[in-house]
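The values are calculated or read from the model by the stated rules, or taken from the named source; none is laboratory data. This is a predicted model, so every value here is computed, not measured. Here the Cβ positions follow ideal geometry from the backbone for every residue, glycine too, while neighbour counts run over all protein chains shown.
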Amino acid sequence: MKCKPFFLLLIAYCLLLNSAAAQPDRWQQRVKYNMSVDVDVNTNRFTGKQKLEYTNNSPDVLNRVFYHLYWNAFQPNSSMDVRSRELGKILINGRPDWDGRVRDRISKLKENEIGYQKIISLKMNGVPQPFKYHETILEVDLTKPIAAKSKVVLEMEFESQVPLQVRRSGRDNPATGVRYSMSQWYPKLCEYDYEGWHPTPYVAREFYGVWGDYDVTINIDKTYKLGGTGVLINANEIGWGYDAPGTELKSTTKDKRSWHFVGNNVHDFVWAADPNYQHLSRKMPGDGPTLHVIYHLKPNDAHNDSLWNTVADAAVKALPFMESKFGKYPYPQYSFIHGGDGGMEYPMATLISGPSLGTVFHEWMHSWYQMMLGTNESLYPWMDEGFTSYAEDLVSKFYNKRSSLQGMRDALSRTPNNKNLKEAIDMLPEDHSNAYDNYFALAKSSYEEPMTTHSDHYKTNFGYGLAAYSKGEVFMEQLGYIVGADVRDKILLEYYKQWRFKHPNAADFIRVCEQVSGLQLDWYKEYWVSTTKTIDYGIDSLWEENGVSKIRLKRIGEMPMPIDLQLTFKDGSTEMHYIPLSLVFGEKPAENTTQKREIHEEWKWTHPTYIVEFKRKLTDLKIAEIDPSKRMADIERKNNVLELNW
């Protein structure tokens, strides 16, 4: 009887997620995994059984299916190995362009250090199926097609060897001391969507999966402690803080114990295991999730123990802000698990190599921009990493400024009509300056490629990283410049509402932007994403003619933008002169209601110059500045400001 409330909660959770999925009318395939694995911690191998219920919700007949076999990348001369070594031949600022964690390490792995995933048998509806290996992709030519709008059961037996820690997954990472980081550990069905199959080989990055339900049982040496995706169903049998905070791992007479996890409406499953793991947990108020922090503690390392406690406390403080900005976190739990080789996100969990709060916030925000929204990272990495980096910046600043904000709010409570103080709180800067600096470095280098480039096919890791993370982050902050920061914030909530669990693409996001803002924004996506054209505006000249003061602005770069031109006068007053772009067919609302603002005629994108007129004497003008908020990614900001000494 004690389990009844939990199962009622689980049923309610499933109904909520199924309801949430009924958004824009784009069909989604569906999976239901039931897996059991048996781990030998002496040989670092395991055997597994997988029963996969696959629902073909598409209008298409499927003659074949594909699986990911990620760990086959960790073998000498694999695509990942050769690609890394080839990129290492490229020197950027005197350094090899390879991922420092991969380098040439795969080429040196011994037989007992490589990773592999071997398929022992595969059946569909009880009938054996022929299959063919393509390194990290398994191709299955079906003996009978899967009809549209039908369901089949795929049953598989497989065996795997855990690779030495190289990239994301693996064992025995000396930097963390963690025994097993088990990501990409099982044969995973590839995604089939409106564009067809996506059997993307594992070369470096990124991931795209089918949403569904996972029921996973892990049989492992009884001394090991686990964290992972989903809810631990047999918490009362396991103990170790899962049944109640602070409990010990329960004793057993068996050599192995079984850990039974269930995760619903997720598109992947991760777990990690170590005999020396420690476990912290925090329960959010009401129906909020339980937050787990699972970490490897070295002997007599009280400082590190304190840092992981800070992770747990910071997560509690940050979640309400995250939900207010980006939408509600819908799952019953989230785990921060010590492991991997840096930070890597998975549904309801992340692997992180240390207690850095920046990494903590970044990986958790992937719960929104990959786990719930689930864009195809191979095609739109900037919609995943860029949007997440943008969110990370906001969450980090919120956390770091929390005490000073509280002081300002206390002051506002004493003077509730203090409009200036209220606007100061609302407009605290989120400058994303690091992202802008990185983008400027990319734009001025010879390595920039359009963000439409497939993530594995960038010429350099340097170009990929700055495009996906930094240029993607700038995309979002600059969107606030174009439509207004408040409108951009509404866009993000509407995007979450409409497209969670639906695999949106770039056009889908822009359509939400247009719906919320009332502005045309397709030009922004085409210029910023599909080209490498840059923004550069300057103040060309100024003069007075027949008592009218005039400033001529010049578009030097190839990408057009709407313009905020702020004029500051000798008496200290300011005016904002807003120049809409012809392609937008409208204008953003005023962002500072206390400042005088004048809206001018639109600037036609075909015209390289534009003249702004204002009514005060020219000699009254002290400073003219294009984009004083510095949210427009103008690659040469020196010509944006003109200071006058009359």
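Could you identify the single residue in Thr217, Thr223 that is in a strand (DSSP E or B), among the hydroxyl-bearing types (Ser, Thr, Tyr) and assigned by TED's automatic domain parsing to the domain that holds Arg45?
Thr217
Between a first residue in segment 507-536 that is assigned by TED's automatic domain parsing to the domain that holds Met476 and of a type in the set (Asp, Glu) and a second residue that is crowded, with 19+ Cβ neighbours inside 10 Å and in a helix (DSSP H, G or I), which pairs have beta carbons less than 7 Å apart while being 6 or more apart in sequence or on different chains?
Listed pairs, sorted by first residue: Asp508/Trp499; Asp522/Ile510.
Report every pair of residues separated by at least 6 positions or lying on different chains whose Cβ atoms are under 6 Å apart, first residue within segment 103-115 and within 11 Å of Ala73 (Cβ to Cβ), second modelled with pLDDT of 95 or more and in a helix (DSSP H, G or I).
If the second residue must be modelled with pLDDT of 95 or more and in a helix (DSSP H, G or I), the pairs left are Ile106/Asp81; Gly115/Trp71.
Would you be able to say whether some residue in segment 588-597 is outside the structural domain of Lys525 (by TED's automatic domain parsing) and within 28 Å of Lys444 (Cβ to Cβ)?
Scanning segment 588-597, I find no residue that is outside the structural domain of Lys525 (by TED's automatic domain parsing) and within 28 Å of Lys444 (Cβ to Cβ), so the answer is no.
Go through (1) of a type in the set (Val, Ile, Thr); (2) over 24 Å from Phe46 (Cβ atoms); (3) surrounded by 14 or more Cβ atoms within 10 Å (Cβ to Cβ) and name the single condition Val127 misses.
Every condition holds for Val127 apart from (3).
May I ask you to say which residue of Ala349, Ala273, Ala315 is under 27 Å from Gly212 (Cβ atoms) and in contact with a Phe, Trp or Tyr (Cβ under 6 Å, 6 or more places away or on another chain)?
Among Ala349, Ala273, Ala315, only Ala273 is under 27 Å from Gly212 (Cβ atoms) and in contact with a Phe, Trp or Tyr (Cβ under 6 Å, 6 or more places away or on another chain).
Examine segment 297-306 for a residue that is in contact with a Leu (Cβ under 7 Å, 6 or more places away or on another chain) and within 16 Å of Met284 (Cβ to Cβ), and state whether such a residue exists.
Within segment 297-306, not a single residue is in contact with a Leu (Cβ under 7 Å, 6 or more places away or on another chain) and within 16 Å of Met284 (Cβ to Cβ).
Give the number of residues within segment 525-552 that are over 17 Å from Ala633 (Cβ atoms) and either in contact with a Leu (Cβ under 9 Å, 6 or more places away or on another chain) or in a strand (DSSP E or B) (or both).
Going through segment 525-552 one residue at a time, the tally reaches 12.
Okay, residues lined up against (1) without any contact (Cβ under 8 Å) to a residue 12 or more places away in the chain; (2) surrounded by fewer than 22 Cβ atoms within 10 Å (Cβ to Cβ); (3) within 14 Å of Gly374 (Cβ to Cβ):
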site: Tyr180; (1), (2), (3): no, no, no
site: Gln184; (1), (2), (3): no, no, no
site: Gly196; (1), (2), (3): yes, yes, no
site: Thr200; (1), (2), (3): no, no, no
site: Val203; (1), (2), (3): no, yes, no
site: Asp215; (1), (2), (3): no, yes, no
site: Lys222; (1), (2), (3): no, yes, no
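Consider Met632 against the criteria (1) assigned to a loop (DSSP other than H, G, I, E, B); (2) free of Cβ contacts under 8 Å to residues at least 24 places away in the same chain: it satisfies all of them except one. Which criterion is unmet?
So the condition that Met632 fails would be (2).
Residues being under 27 Å from Tyr54 (Cβ atoms), assigned to a strand (DSSP E or B) and out of contact with any Lys or Arg (no Cβ under 8 Å at 6 or more places or on another chain): count how many of those fall in segment 155-192.
Qualifying residue count, segment 155-192: 4.
For (1) in contact with a Leu (Cβ under 8 Å, 6 or more places away or on another chain); (2) over 30 Å from Asn434 (Cβ atoms); (3) surrounded by fewer than 16 Cβ atoms within 10 Å (Cβ to Cβ), each residue gets a yes or a no:
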residue	(1), (2), (3)
Asp571	no, yes, yes
Met576	yes, no, no
Ile579	yes, no, no
Glu613	no, yes, yes
Leu618	yes, yes, no
Ile626	yes, no, no
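Give me a count of the residues in segment 297-340 that are at pLDDT below 95 and either of a type outside the set (A, V, I, L, M) or surrounded by 20 or more Cβ atoms within 10 Å (Cβ to Cβ) (or both).
Result for segment 297-340: 8.
Residues that are farther than 15 Å from Pro187 by Cα, at least 3 per element: which strands (runs of 3 or more DSSP E) completely within segment 54-154 meet that?
The strands (runs of 3 or more DSSP E) meeting that bar are 62-68, 137-146.
Mind checking which strands (runs of 3 or more DSSP E) fall wholly inside segment 574-615 and carry at least 3 residues that are closer than 22 Å to Leu521 by Cβ?
574-579
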